[in-house]
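The values are calculated or read from the model by the stated rules, or taken from the named source; none is laboratory data. On a predicted model such as this, the values are computed, not experimentally measured, just so you know. Don't worry about glycine lacking a Cβ; one is built from the backbone with ideal geometry, like all the others, and counts go over all protein chains shown. Quick note on the areas: whole protein, heavy atoms, side chains included, nothing else; ligands and nucleic acids left out. Shrake-Rupley method; radii C 1.70, N 1.55, O 1.52, S 1.80 Å.
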Amino acid sequence: MILEKLLHTAKAHTTRGREGGASHSDDGRLDVKLSPLGGPGAGISPEQLFAAGWSACFLAAIKLVAGKKKVTLPADVAIDAEVDLGTRHGVFGLAARLNVSLPGMDRRAAQALVEAAHQVCPYSHATRGNIDVTITVV
């Protein structure tokens, strides 16, 4: 996809990767230490960052779609994102699950809202057809 209109560019500088590295944004708002998977250290993994980013973006997409459809969202809407790192045929890959909580909403309406959000979320566009994704209304 070639963007027609640029809305934002996020910039980060990363050193040493998972092995005790760090990532910093150019504006200073992000400053995280990275740690090896399952290893010691106070850092986080790239998969945790991806889960946080995608769930935040997906929640914004839900709010956008709800606003356009004039649907009132519950105050405590939430998403639990899980991102797996694994291998298939010796090649690294990802899989993801987004568990969307819309307490008090009619199940059918909640499912329709989540499906519409999946069509507009940029992270969903980027991953569609590239990784195994399951989105569930819980």
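Would you mention how many residues in segment 106-138 are within 17 Å of K68 (Cα to Cα) and not charged (D, E, K, R)?
First, the residues of segment 106-138 that are within 17 Å of K68 (Cα to Cα): 109-121.
From the residues that got through so far, the ones that are not charged (D, E, K, R) too are 109-114, 116-121.
Residues meeting the conditions: 12.
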| For segment 8-21, how many residues meet the condition of being within 27 Å of D80 (Cβ to Cβ) and out of contact with any Ser or Thr (no Cβ under 6 Å at 6 or more places or on another chain)? | 4
| note | Within segment 1-34, the count of residues that are open to solvent by less than 70 Å² (accessible area, probe 1.4 Å), modelled with pLDDT of 90 or more, farther than 30 Å from V114 by Cβ and touching a Lys or Arg at 6+ places or on another chain (Cβ under 8 Å) comes to 3
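Do we find that L102 is closer than 28 Å to P46 by Cα and surrounded by 11 or more Cβ atoms within 10 Å (Cβ to Cβ) in this structure?
Working: closer than 28 Å to P46 by Cα: yes; surrounded by 11 or more Cβ atoms within 10 Å (Cβ to Cβ): yes.
Criteria met by L102.
For T127, state whether it is of a type in the set (V, I, T), in contact with a strand residue (DSSP E or B) (Cβ under 8 Å, 6 or more places away or on another chain) and more than 26 Å from H8 (Cα to Cα). Quick ask: steps written out before the conclusion?
Values: of a type in the set (V, I, T): yes; in contact with a strand residue (DSSP E or B) (Cβ under 8 Å, 6 or more places away or on another chain): yes; more than 26 Å from H8 (Cα to Cα): no.
For T127, the condition - of a type in the set (V, I, T), in contact with a strand residue (DSSP E or B) (Cβ under 8 Å, 6 or more places away or on another chain) and more than 26 Å from H8 (Cα to Cα) - is not met.
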